[in-house]
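Here's the structure we're looking at; comments come further down.
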Amino acid sequence: MVDFNMDVGELFKKLFSKKEGDKEDTSSSSLEKIRSKTPILIAGAVGIILIVFIIYFFIFRPKLIEKREQLEKNENYEKELIQLKSELEKQQEHLKNIKKKFSGKFKLFHTNAEVEGLYETISTLALKYKLTVSKLERDKEIPVYKPSNNSDNSKENQKQVEYYKIEVKYQVTGNYLRYMNFKESIASMNKIVNFEKEEIKVMPKKKGVVIADGILSVIRLP
């Protein structure tokens, strides 16, 4: 039962004091909730930051470093390639000059194997031009000595052989024009072959047929 004899002022005072108390309780509970969630929020923010750092340092950063190293390697490869191309061009130019300088000497000198192979070459060319080889033999081997400034050049042991001149005798029978082609083929060989001596006889009973006696010579290093 409500006491109607209660003072109205006291009634309003109680009501307002109750509302103010309710407000204070509400605000204090909100502060407590915020305070209770603050560590969680801080922990969450720290966790997000850690995740970002982990992703960057362990995923993105290694890839960036690898890509940068790859780019540096490619740049180094390109520099090395340019340098190698430059060196190769220099070496090719040097080799070209050497070939120009010594090509004549390379063609001039024969090895022992090439001298022996000359007989087979002559026989093969004679067969190609339908010529008959009746004589093909190695003749003299003449040493050619280096010039010496020594006044006493008469002693054999003081002389040094510069190269050997090897002579090869041959006799070939066949058509004259074909024999000329035979000689031209020998002259156009990779190594120089000199015709030292030649005597051509015409066979009167066979038109256009000749007998060629001659001496070839090649040069061999000691």
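Every read-out reported here was derived from the displayed coordinates using simple, explicitly stated rules and does not represent laboratory data. Fair warning: this is a prediction, and the values are worked out from it, not measured in the lab. Positions of Cβ are backbone-derived with ideal geometry, glycine not excepted, and every protein chain shown enters the neighbour counts.
With r defined as the distance between the Cβ atoms of Asn190 and Gln91 and R0 fixed at 30 Å, what FRET efficiency is calculated, to the nearest 0.05? Kindly include the intermediate steps, with their values, before the conclusion.
Details: r = 24 Å, r/R0 = 0.81.
After rounding to 0.05, the efficiency reads 0.80.
If you keep only loop residues by DSSP, which trypsin sites (Lys or Arg not before Pro) in segment 163-210 have at most 15 other Cβ atoms within 10 Å of their Cβ?
Here the sparse-neighbourhood loop sites are Lys205, Lys206, Lys207.
Applying 1/(1 + (r/R0)^6) with R0 = 25 Å to the Cβ-Cβ distance of Lys79 and Tyr56, what FRET efficiency is obtained, to the nearest 0.05?
0.20
Past the 23 Å Cα-Cα mark, which pairs from Lys130/Lys183; Lys146/Lys197; Lys130/Lys207; Lys130/Lys205; Lys169/Lys191?
Checking Cα-Cα distances, Lys146/Lys197 exceed 23 Å.
Hey, could you pull the Cα Rg and Dmax for segment 112-220, both in Å?
17.4, 59
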